[in-house]
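The values are calculated or read from the model by the stated rules, or taken from the named source; none is laboratory data. Predicted, not measured: the structure shown is a model, and the values here were computed from it. Neighbour counts run over all protein chains shown; Cβ positions are idealised from the backbone, glycine included. The protein model used for the area step is the full one, side chains on, heavy atoms only, and it has no ligands, DNA or RNA in it. Shrake-Rupley method; radii C 1.70, N 1.55, O 1.52, S 1.80 Å.
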Amino acid sequence: MWRELAPIGRHTGSGGYRRYAWTPADADCRAWFRAQAEDRGLAYETDRNGNQWAWLGDPAAGDAVVTGSHLDSVPDGGAFDGPLGVVSSFAALDELRARGARPRRPLAVVNFVDEEGARFGLACVGSRLTAGQLTAQDARALVDADGVSLAHAMEKAGQDPDAIGADPERLARVGAFVELHVEQGRALDLLDRPVGVASAIWPHGRWRFDFRGEANHAGTTRIEDRRDPMLTYATTVLAARKKARLAGALATFGKVAVEPNGVNAIASQVRGWLDSRAADEGTLAEVVTAIEQAARERGARDGVEVSVVRESFTPVVEFAHELRDTLAALLGAGAPVPVLPTGAGHDAGILSAAVPTAMLFVRNPSGVSHSPAESAAEDDCLAGVSALADVLEGLACR
Ligand code: GLV
Ligand code: MN
Ligand code: MN
C-alpha cells in the first residue's frame with residue numbers, strides 16, 4: 001500500500017506531497033482508496049460530501065466502529081500525516097481477518113476529504129460538513145488562490161456540490177470513530193514508546209491579517225513618505241512570537257501574499273495568515289487579541305490600515321473519556337499506554353462533537369511534521385497497525 005501511494009502528488013523538487021482537495025493528485029489518492037476497498041471485497045461508497053467509506057458488514061445495522069484518516073496534504077507535506085491512518089486502517093482489517101476475528105458490529109474505513117484545508121483555507125471541510133459544523137452554502141463559497149470555488153472544483157472532480165451538507169443519518173450509524181495518526185511532536189519519542197492514545201486537542205484557529213499601505217517606487221520614495229505594509233507585517237510576526245511565548249501558546253505566520261510582489265516597489269498590500277493554538281480557549285483569545293493590538297498600533301505608526309478576519313476556529317476537544325479508557329485498557333497489557341494531548345487538528349476532533357471518538361498516535365522520532373522530513377520507523381508503523389487491530393477487535397469483535 002505504501003509503495004503504491006508514495007509517488008502520488010510527490011513534488012520531485014522538494015520531495016514533499018502536494019495532494020490538495022479535488023485536484024488530479026487527490027483523484028489518484030481516491031482511486032487508490034477505492035481499489036483497496038474493492039480488492040478486499042469491502043462495500044465502497046462516497047458520501048454526499050465526498051468522503052470515501054469502505055464497509056465490512058452492513059452499515060444499516062448501526063453502532064459501527066469506524067477508523068480512517070485523510071489522504072490530502074499541506075503544501076510539501078510529509079508522507080505520513082493522514083495516509084498512515086488510512087493505510088493502517090486497511091492493514092488492521094487484514095490483521096483482523098488473519099486473526100480469524102468475527103466482527104459483531106459493522107466496521108468501516110473512511111477517507112475524509114480536504115482535512116488540511118491547504119487549497120480552500122478551511123481545515124476539515126469533509127468532516128465539518130458531515131457533522132453540520134459548516135453550512136453547504138459557506139462551503140460552496142470557499143475559493144482557492146486562483147479564485148476557483150470549492151463548488152466548481154468538486155463539480156470538475158465529478159462530485160455534486162449541490163448534494164453537500166450535514167449527514168446526521170450517517171453519523172447516527174457510527175458507534176465509535178478511531179483515527180490513527182503519526183505523532184506530530186516528540187512526546188512518544190521522549191517516552192521511548194511506539195504508540196500512544198490522545199487525550200485532547202488544543203483549541204486552534206486561523207486569522208487573516210490584511211495590511212494595506214501604498215505602492216511606490218523603492219528607489220525614489222523618501223523613508224518619511226512611505227506607507228509600507230511589509231514593515232507592519234514584519235513587526236506583527238515578531239509580536240506574535242513574543243505574545244505566544246509569554247502565554248505558553250503557539251502563533252505562526254506560515255503563509256503570506258504580497259501585492260504587487262515586485263522587487264523594486266514598496267508593497268501596496270501584505271496579507272498574512274496567523275495560525276494560533278493554546279491549551280485553553282481563554283489563553284488563545286488573549287494571545288490573538290494581543291497580536292491584533294500590536295498590529296494595529298504599528299499600523300498607525302506606519303500609515304498602514306490593518307484588518308483582521310477570523311477564517312476558522314476549532315474549540316478545545318476532550319476525547320470521550322470512556323472510549324479513551326477502553327483503548328488504554330485494550331493496549332495497556334504490558335505497561336500503561338501513554339495518553340497525550342496534541343496541538344494538531346484532526347477530523348477526529350470535529351467528529352467528537354457527534355460520536356464517541358478516540359485517536360492513536362504512532363511515534364515520530366524527530367517530531368517533524370507538515371514537512372517532507374516527517375518520518376516514522378517501519379516497526380513503529382507495524383506496532384500502530386497491531387494496536388489498531390487490537391482496538392477494532394476489542395470494540396467490534398467481543
Ligand atoms: C492539521 O494538521 C492542523 O493541525 O493544521
Ligand atoms: Mn496535518
Ligand atoms: Mn492529519
- line: note: the chain, Cα-Cα separations exceeding 28 Å make up a percent value of 49
message: Tell me the carbon and sulfur percent of the accessible area for segment 23-181, rounded to whole percent, probe radius 1.4 Å.
response: 48
message: Per 0.36 nm of contour for each residue apart, how much would the distance between Asp225 and Thr289 grow if the chain were fully extended, relative to their Cα-Cα spacing?
response: 20.1 nm
message: What distance in nm lies between label points placed 7 Å from Cα along the C-beta direction at Arg398 and Ala373?
response: 4.1
task: Obtain the nm distance between the two label points defined at Glu169 and Arg99 by a simple spin-label model: each point lies 7 Å from its Cα along the Cα-to-C-beta direction.
output: 3.4
statement: Log10 I(q)/I(0) at q = 0.12 Å⁻¹ for segment 42-180, from Debye over equal alpha-carbon scatterers, is -0.50
task: Using per-residue counts of other Cβ atoms within 10 Å, averaged over each peptide, order 216-229, 378-391 from highest down.
output: 378-391, 216-229
task: Could you check what % of the DSSP bridge pairs in the chain are antiparallel, to the nearest 5?
output: 70
field: Segments 141-148, 188-195 sorted - mean Cβ within 10 Å per residue, highest first
entry: 188-195, 141-148
- request: Quick one: net charge around Arg102, please, counting Lys, Arg +1 and Asp, Glu -1 for every other residue with C-beta under 12 Å from its C-beta.
  value: +4
- prompt: Rounded, prolate or oblate: which fits segment 133-283, taking a ≥ b ≥ c as square roots of the Cα gyration tensor eigenvalues, rounded meaning a/c under 1.5, else prolate when a/b beats b/c?
  reply: oblate
- prompt: How many angstrom separate the Cα center of segment 41-102 from the Cα center of segment 295-374?
  reply: 20
message: Contact order normalised by length for segment 1-46, with contacts defined as Cα pairs under 8 Å and 6 or more residues apart; what percent is it?
response: 25
task: Any chance you could check the Cα centroid distance between segment 123-162 and segment 246-289 for me, in angstrom?
output: 25
- prompt: Can you give the Kirkwood hydrodynamic radius for segment 193-233, in Å, rounded to one decimal and based on Cα pairs?
  reply: 14.7
- prompt: How big is the accessible area of Ser352 in square angstrom, nearest 10, if you roll a 1.4 angstrom probe over the protein chains?
  reply: 40
message: For segment 18-63, take every pair of Cα atoms, bin their distances at 5 Å starting from 0, and report each bin as a whole percent.
response: 5, 21, 24, 24, 14, 8, 4, 0
Estimated D of segment 154-228 in µm² per second, where Rh is the Kirkwood radius over Cα pairs and Stokes-Einstein applies at 4 °C, 1.567 mPa s: 66
task: Report the local net charge at Leu327: Lys and Arg +1, Asp and Glu -1, summed over other residues whose C-beta lies under 13 Å from its C-beta.
output: -4
